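Visitor: One structure follows; several queries about it will come next.
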């Protein structure tokens, strides 16, 4: 959608939105995320928040920054590197939703100063004003501890400045035994000035060229300047021997997929009943093999998600 020179795009986001507790079933946000062009004035848009449940919900609306650790844990902060959070304004700042109703939350991005080329991001956080309390009792001491929790949802806003580059690399590919199962792990890095939403497939091939196992792999976002491990548990019964393991990942912004291939001596699983960290499992874990083939970097060229959010310029 394009109106008054400001673009806002929305779509389905892989692995970004954080929904916790009962909010996941009862609250819907459309679009799930938006993309804005910050070269075209002061971008603005609308999130529609719907209460699909049978009780009233009350929220505080915050602007927060978020990142991922290499292991995929989401962290939130008031601001950070490449953050839009200090520049986003939401209206209203609090909202009450009766069952079966919806309300618009409008936002505007007002950057200060000159920005470097690349992608910036933050999120609209819907922080529930309902506090859940759980009492946990220690059976040994007899003491009770009261735990309080608050549920929240994140709906991201991504803003681009100038010609953003979308490039990536599979930096490492490993086959290891973890928790009594064989795991295929890839370390994916976003090496350009924008994020990558990657998903693809893997294949395990024997010396004769027979595909022993394969299927979907990935389905995650890697933010600008970040890298993340993606793991797939291999359930197939693969005999002892040497195999080629190949991972190919695609992203909407990439012209060519990210590819990496290794040769690996397939690790043996520990005997049934063996404790984690025992000698057989530890030895198998050490059999991960470094890559022999480098992945190919690519630049933006894919189609963008279809616009879903309404927009205006200010």
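Coordinate-derived values only; no laboratory data. This is a predicted model, so every value here is computed, not measured. Every residue, glycine among them, receives a Cβ derived from its backbone with ideal geometry; neighbour counts consider all protein chains shown.
Visitor: On a full-extension model of 0.36 nm per residue, what is the gain between residue 28 and residue 179, subtracting their alpha-carbon distance, rounded to one decimal in nm?
Guide: Once the chain is fully extended between residue 28 and residue 179, it gains 50.8 nm.
Visitor: Continuing with this model, one more query. Go through 181-187, 192-198 and give me the packing order, highest mean Cβ count within 10 Å leading.
Guide: 192-198, 181-187
Visitor: Next up: Plugging the Kirkwood radius over Cα pairs into Stokes-Einstein for the range 64-152, at a temperature of 10 °C and a viscosity of 1.306 mPa s, what D comes out in µm²/s?
Guide: 95 µm²/s
Visitor: Determine the distance separating the Cα centre of the range 173-231 from the Cα centre of the range 243-265; give it in Å without decimals.
Guide: Rounded to whole Å, the Cα centres lie 8 Å apart.
Visitor: Okay, which of the range 75-96 sit inside 17 Å, backbone N to the point 7 Å along the Cα-Cβ direction of residue 129?
Guide: From the range 75-96, the list is 90-96.
Visitor: Moving to a separate point now. Compute the Cα gyration tensor for the range 101-222, then decide on rounded, prolate or oblate, letting a ≥ b ≥ c be the square roots of its eigenvalues: rounded whenever a/c is under 1.5, prolate when a/b is larger than b/c in the other cases, and oblate in all that remain.
Guide: Oblate.
Visitor: Could you please tell me the mean projected area of the C-alpha convex hull for the range 168-285, averaged over all directions and given in square nanometres to one decimal?
Guide: Value for the range 168-285: 7.6 nm².
Visitor: How many angstrom lie between the C-alpha centres of the range 32-84 and the range 113-130?
Guide: 6 Å
Visitor: Which number do you get for Rg(Cα) / (2.2 N^0.38 Å) in the range 161-210?
Guide: 1.60
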